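Here's the structure we're looking at; comments come further down.
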Amino acid sequence: MNGNKVVTKCCICGREKTDQGWQYTFPANEPKNVYSHGFCSACYDVEVMKAKMRLAMPAMAVLR
Ligand SMILES: [Zn+2]
């Protein structure tokens with residue numbers, strides 16, 4: 001693995017998952033991190049809510 005670690009980064013707000021939870025970090029600190037993009041807990045809730053709204057009201061699909 002060459003010491004690289006895989007960091008889960010939220011693709012919405014850009015926070016990264018750390019031992020202390022979801023935090024904003026500075027990419028310059030560890031440029032060799034391998035990123036896996038996903039949703040943090042807060043953004044996941046928002047995405048789930050938007051998905052439900054899209055199912056309920058297709059006309060709101062343009063809402064981002
Ligand atoms: Zn997020």
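The values are calculated or read from the model by the stated rules, or taken from the named source; none is laboratory data. Computed from a predicted structure; not experimentally measured. As a convention, Cβ positions derive from the backbone with ideal geometry for all residues, glycine included, and neighbour counts pool all protein chains shown.
Quick grid of which residues meet (1) at pLDDT below 80; (2) out of contact with any Lys or Arg (no Cβ under 6 Å at 6 or more places or on another chain):
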{"site": "LYS17", "(1), (2)": "no, yes"}
{"site": "THR25", "(1), (2)": "no, yes"}
{"site": "ASN29", "(1), (2)": "yes, yes"}
{"site": "HIS37", "(1), (2)": "no, no"}
{"site": "TYR44", "(1), (2)": "no, yes"}
{"site": "VAL62", "(1), (2)": "yes, yes"}
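Restricting attention to region 4-14, the residues being out of contact with any Ser or Thr (no Cβ under 8 Å at 6 or more places or on another chain) and either among the basic types (Lys, Arg) or surrounded by 18 or more Cβ atoms within 10 Å (Cβ to Cβ) (or both) number 2. Of note, LYS52 satisfies the criterion of being more than 16 Å from the ligand (Cβ to nearest atom) and at pLDDT 90 or above.
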